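Working notes, beginning with the structure itself.
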Amino acid sequence: MAERATHPRTRRTAAALTALSCVGVAALAGCGGGGQDHGVSRNAPAAPRSAAPSPSPTPTTPDWNPRPGSVAAVGDSITRGFDACSVLADCPEVSWATGSDSSVRSLAVRLLGASKAADRSWNHAVSGARMVQLPEQMALAAKERPELVTVMMGANDACRESVRLMTPVADFRASFEASMRQLRAGAPKARVYVSSVPDLKRLWSTGRTNETGKKIWDLGICQSMLADADDLGPAAVARRDAVRKRVVAYNEVLREVCAKDRYCRYDGGAVFGFRFTPTQLSPWDWFHPSRDGQARLAEMAYRNITAAEPPA
C-alpha cells in the first residue's frame, strides 16, 4: 500500500487542531489513525452474517462485472478515512472502499464479505493527493491484479490556497488519461468505478453552521472554498462559484474519459449530488466524511457497481 501522507496544512495546524478537537471527541469512539495499510484490518470486528454479499442482477452491459472478487482503491484523504476517527490522522479502517469497520460496511465487505475482504482488498489512496499523482497509485493498484479498482480523486485539485492555484482542466484530463493508461498496462481487464468529486460548495453550506468547524477552516482547510466562511459579499460568492464550476468541469472529464474505456463505470454524479448532513461530516474538521458519511459513500458505490445498468 502507498505510504500514508498528511495534508500540507498538518504541521502548521496540528497544535491548534488538537486543542479544538475536544469538541468532537465524545461524538465518535476513536479508532486511531493506525491500522493496517494493506486492505482491511484483521483485528477489526467482523461484519455480521447479514452483511454477506447478496445476489446481484444480471448486467445488461456484458463487459461489466457486478460481483468482482477483489478490490483496489486509489484516491485521496476521503478514501483514507482522514479525520473520521481522530484529529489529523488517517483511519483506513473506516474507508468507504476497503475498510473493516462494521458500522461502515465498506464496498469491499459488501462485495466480498468480511473474511475475503481482509485478503482481497488494498488501499493505495494517499491523503492530500491530487490527480497528477494518480498514475503512481494506479501502477501500485495494477500490481495487485484486482478485478475492480475504485477511483475517488479531484477534491484536492480544487481545494487550493486560492482559485488561481486550482489544477487547470486540461492538466486534470491529461493526468486522468495517463492514469488509465498506467492501469491498463498492468491490469488490462480490471473494472474501474469512478466516483465524482464532491460538491465542495454544498459542504461549505452545511459546515458553516458550526462555529468550531469554521475556526478549524480558518487554519487552512480548502481555502479556495472555505476561507472567510461567513463572507457573503460579491467577491466571496464569485470565488466559491468559480470553485464549484471547476469541480463540475472535473466531473465532466471523469465521465468522458471513463466512457472511452469499455471496463469503466462512472457514478453518474452520485457523490457530487449527495447532500451530506452534519452527522455525516467529521466532528474535527466539518469537511471530510465521518463514519456515517463513509458508510453512505460505500452504500452508493455498492448500489451503482451491482446495478444492471450504469447510473444515468
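The values are calculated or read from the model by the stated rules, or taken from the named source; none is laboratory data. Small disclaimer: the values here were computed from a predicted structure and weren't measured. Here the Cβ is made from the backbone with ideal geometry for all residues, glycine too, and neighbour counts use every protein chain on show. Heavy atoms of the whole protein, side chains included, go into the accessibility calculation; ligands, DNA and RNA do not. Shrake-Rupley method; radii C 1.70, N 1.55, O 1.52, S 1.80 Å.
Can ALA298 be described as touching a Leu at 6+ places or on another chain (Cβ under 6 Å) and either more than 17 Å from SER162 (Cα to Cα) or basic (Lys, Arg) (or both)?
It is true that ALA298 is touching a Leu at 6+ places or on another chain (Cβ under 6 Å) and either more than 17 Å from SER162 (Cα to Cα) or basic (Lys, Arg) (or both).
For the range 180-207, how many residues are without any contact (Cβ under 8 Å) to a residue 40 or more places away in the chain and either touching a helix residue (DSSP H, G or I) at 6+ places or on another chain (Cβ under 6 Å) or β-branched (Val, Ile, Thr) (or both)?
1
Just to be sure I understand, how many residues within the range 216-255 are part of a helix (DSSP H, G or I), open to solvent by less than 60 Å² (accessible area, probe 1.4 Å) and in contact (Cβ under 8 Å) with a residue 12 or more places away in the chain?
The number of residues fulfilling the criteria is 16.
When you look at THR98, is it of a type outside the set (D, E, K, R), under 15 Å from the mean Cα position of the chain (by Cα) and either within 26 Å of VAL248 (Cα to Cα) or modelled with pLDDT of 95 or more (or both), yes or no?
yes
Looking only at the range 206-215, decide whether some residue is in a helix (DSSP H, G or I), open to solvent by less than 10 Å² (accessible area, probe 1.4 Å) and under 30 Å from ASP63 (Cα atoms).
No, the range 206-215 contains no residue that is in a helix (DSSP H, G or I), open to solvent by less than 10 Å² (accessible area, probe 1.4 Å) and under 30 Å from ASP63 (Cα atoms).
Filter the range 257-287 for residues that are free of Cβ contacts under 8 Å to residues at least 24 places away in the same chain and open to solvent by 30 Å² or more (accessible area, probe 1.4 Å) and give the result.
Of everything in the range 257-287, those that are free of Cβ contacts under 8 Å to residues at least 24 places away in the same chain and open to solvent by 30 Å² or more (accessible area, probe 1.4 Å) turn out to be ALA259, LYS260, THR279.
Inspect all residues belonging to the range 97-116 and state whether any of them is closer than 23 Å to ALA142 by Cα, open to solvent by 10 Å² or more (accessible area, probe 1.4 Å) and in contact with a Cys (Cβ under 9 Å, 6 or more places away or on another chain).
Within the range 97-116, not a single residue is closer than 23 Å to ALA142 by Cα, open to solvent by 10 Å² or more (accessible area, probe 1.4 Å) and in contact with a Cys (Cβ under 9 Å, 6 or more places away or on another chain).
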